[in-house]
Amino acid sequence: MKEASAAAVPERTFERLTLNQRLQHAVLMVSFTTLVVTGMPVRYAESGWAAWLTALMGGAEGRALLHRVAAVVLMLLAVYHVGYLVGTRRGRYELRQLIPWFPDAWDAIHHLLYYLGRRPHPPRFGRFSYIEKFEYLAVVWGTFCMGVTGLVLWFEVEAMRYLPKWAVDVCRVIHSYEALLAALAIAVWHLYCVHFRPDVFPMSRIWLDGRISEAEMKLHHPREYEEILRREAAATAAEEPDLGAVPQPAGKETGS
Ligand code: HEM
C-alpha cells in the first residue's frame, strides 16, 4: 500500500483563554452553580423538588452552609479577578478590550439589520463582540448585586442596626429576582452561545484548552485575527537582516 506523501497540516490555533483565566472560569462555574442549586430551594420552598433537594444537602442547615461557602468562594474570586485586571499585563489588556464603546452600539444595529436581511455580512468583531462585552458586564453587575444583598441577608441583625426593615426586605426581593435572572441568563443565553449555537455544537472547547481555531477566529473575531497577522508580519520584518546594508569588516570603525 502506498504511503501518504505528506501528512495533513494541522489547523493553526490561537490562545483565547490563558490557564489562569480558565481556572477563574472553572471556579466561577462551580461556585455559581452551587449558589443556584442551594438558593433555589428557598425561593421555591413550597415545591416538592425543593424539599427533596434540601434533604439531599443534609437538610436546611446543610443547604444554608453550602450556600454560604459557595458565596465566600465567589466573592474571593471577584476580589482576585479585580486584582488580576489591574495588576497583570494580560488583565489590563483584556479590560481595555472589554469596555463597551460607541462602535459596539453600531455593531448591534448592524447585526440586527443583518438578521433582517438588510446587510449582506454580519459585523466584523474584534477580540470581544458587543454580546460578549454585555455578558461580561452582566456577570460583574450580578456578582456585585448578589454579594451586597446576600451579605445583608446573611448578617440581617447587624444590617438592621444601620438599615430600616424595608431596606432589608428590598435586598431579599432583589437577591431573589436577580438570582432567577442570572440563572436564566446562564441557562438560556450563555449555554446557547457556547453549546447549542449551530457552529459550536456540541460544545466550544475554549474553556478546556483555551485554544480557538483559525477558522473560528476568521469567522467570529476577524478584526482581532487581522491584528495578530499584522503584528506577526511586523515582528518578522524587524527580525529579517537588512539586505541592502553594506557589510563591514570585523573590528573596523564605521561611525564618525
Ligand atoms: C455572592 C454572594 C451571596 C451571598 C452572600 C448569598 C447569601 C444568601 C443568603 C444569606 C440567603 C438567605 C437564605 C439562606 O439563609 O440561605 C440567600 C438566599 C438566596 N440566594 Fe444567595 N447569596 C449569594 C449569591 C447568590 C447567587 C449568585 C445566587 C444565584 C444565582 C443566589 C441565590 C439565592 C436564592 C434563590 C435565594 C433565596 C431568596 C428568596 O427567595 O428568599 N445567591 N442568599
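Once neighbouring chains are kept in place and the probe is 1.4 Å, which whole percent of the accessible area of the stretch 57-119 is contributed by carbon and sulfur?
Details: 3080 of 4350 Å².
The computed percentage sits at 71.
Let me have the 222 nm mean residue ellipticity of the chain computed from DSSP H runs of 4+ only, each contributing -39500 (n - 2.57), with the sum over all residues rounded to the nearest 500.
Working: 11 runs with 165 residues, N = 256.
Rounded to the nearest 500, the figure is -21000 deg cm²/dmol.
Summing Lys, Arg as +1 and Asp, Glu as -1, what charge do residues with Cβ under 11 Å from the Cβ of ASP104 carry, ASP104 excluded? Walk me through the numbers before you get to the answer.
Numbers: positive: LYS133; negative: ASP107, GLU132.
Value of the local net charge: -1.
Give me P(r) over the stretch 14-235, computed from all C-alpha to C-alpha distances, binned every 5 Å, as integer percentages.
For the stretch 14-235, the binned pair fractions read 1, 6, 10, 15, 17, 15, 12, 9, 7, 5, 2, 1, 0 percent.
Indicate the helices, whole DSSP H runs only, in the chain that combine a mean Kyte-Doolittle hydropathy of -1.0 or more with a Cα extent along their long axis of 24 angstrom or more.
Values: long enough: 19-43 (35 Å, 0.68); 59-87 (42 Å, 1.23); 130-154 (35 Å, 1.06); 165-184 (29 Å, 0.83); 222-239 (26 Å, -0.96).
Counting only whole DSSP H runs, the qualifying helices are 19-43, 59-87, 130-154, 165-184, 222-239.
With Cβ to Cβ distances under 12 Å as the rule, what net charge do the other residues near LEU113 carry (K, R +1; D, E -1)? Present the calculation step by step, with values, prior to reporting the outcome.
Numbers: positive: ARG118, ARG119; negative: ASP107.
Charge balance in the 12 Å sphere: +1.
So with the 1.4 Å probe, I'd like the accessible area per residue for the chain, rounded to whole Å². Let's see the in-between values first.
Details: 17770 Å² over 256 residues.
Ligands and nucleic acids excluded, the result is 69 Å² per residue.
Within 10 Å of each candidate Cβ there may be at most 16 other Cβ atoms; applying that plus a DSSP loop requirement, which chymotrypsin sites (Phe, Trp or Tyr not before Pro) in the stretch 29-133 survive? List each step's numbers first, then the result.
Details: sites: PHE32, TYR44, TRP49, TRP52, TYR80, TYR84, TYR93, TRP101, TRP106, TYR114, TYR115, PHE125, PHE128, TYR130; in loops: TYR44, TRP101, PHE125, PHE128.
For chymotrypsin sites (Phe, Trp or Tyr not before Pro) across the stretch 29-133 that sit outside H, G, I, E and B with at most 16 neighbouring Cβ atoms in 10 Å, the list reads TYR44, TRP101.
When a/c is below 1.5 the answer is rounded, else prolate if a/b is larger than b/c, else oblate, so apply that to the stretch 25-143 with a ≥ b ≥ c taken from the square roots of the Cα gyration tensor eigenvalues. Could you put the intermediate results ahead of the total?
Details: a/c = 4.31, a/b = 1.73, b/c = 2.49.
Taking the square roots of the gyration eigenvalues as a ≥ b ≥ c, the stretch 25-143 is oblate.
With Cβ to Cβ distances under 14 Å as the rule, what net charge do the other residues near ASP209 carry (K, R +1; D, E -1)? Can you show the working numbers first?
On the way: positive: ARG16, ARG22, ARG205, ARG211; negative: GLU11, GLU15, GLU216.
It works out to a net charge of +1.
Counting only protein heavy atoms and using a 1.4 Å probe, what share of the accessible area of the stretch 137-214 belongs to carbon plus sulfur, as a whole percent?
Numbers: 3800 of 5050 Å².
Reported share for carbon and sulfur atoms: 75 percent.
Picking from CYS145, VAL30, LEU116, whose Cα lies most toward the positive end of the charge dipole for the stretch 14-235 (charges on Cβ: Lys, Arg +1; Asp, Glu -1)?
Selected residue: LEU116.
Taking a ≥ b ≥ c as the square roots of the eigenvalues of the Cα gyration tensor of the stretch 67-106, is the shape rounded (a/c under 1.5), prolate (a/b larger than b/c) or oblate? Can you show the working numbers first?
On the way: a/c = 5.69, a/b = 1.80, b/c = 3.16.
Oblate, because a/c is 1.5 or more while a/b does not exceed b/c.
Among the GluC sites (Glu not before Pro) in the stretch 9-57, which ones are in a DSSP loop with at most 12 other Cβ atoms within 10 Å of the Cβ? Mind listing them? The partial results should precede the final answer.
Values: sites: GLU11, GLU15, GLU46; in loops: GLU11, GLU46.
Within the stretch 9-57, the qualifying GluC sites (Glu not before Pro) (loop, at most 12 other Cβ atoms within 10 Å) are GLU11, GLU46.
The values are calculated or read from the model by the stated rules, or taken from the named source; none is laboratory data. None of these values were measured; they are calculated from a predicted model. Neighbour counts are summed over all protein chains in view; Cβ atoms, including those assigned to glycine, are modelled from backbone coordinates with ideal geometry. What goes into the accessible areas is simple: the full protein's heavy atoms, side chains included, and nothing from ligands, DNA or RNA. Shrake-Rupley method; radii C 1.70, N 1.55, O 1.52, S 1.80 Å.
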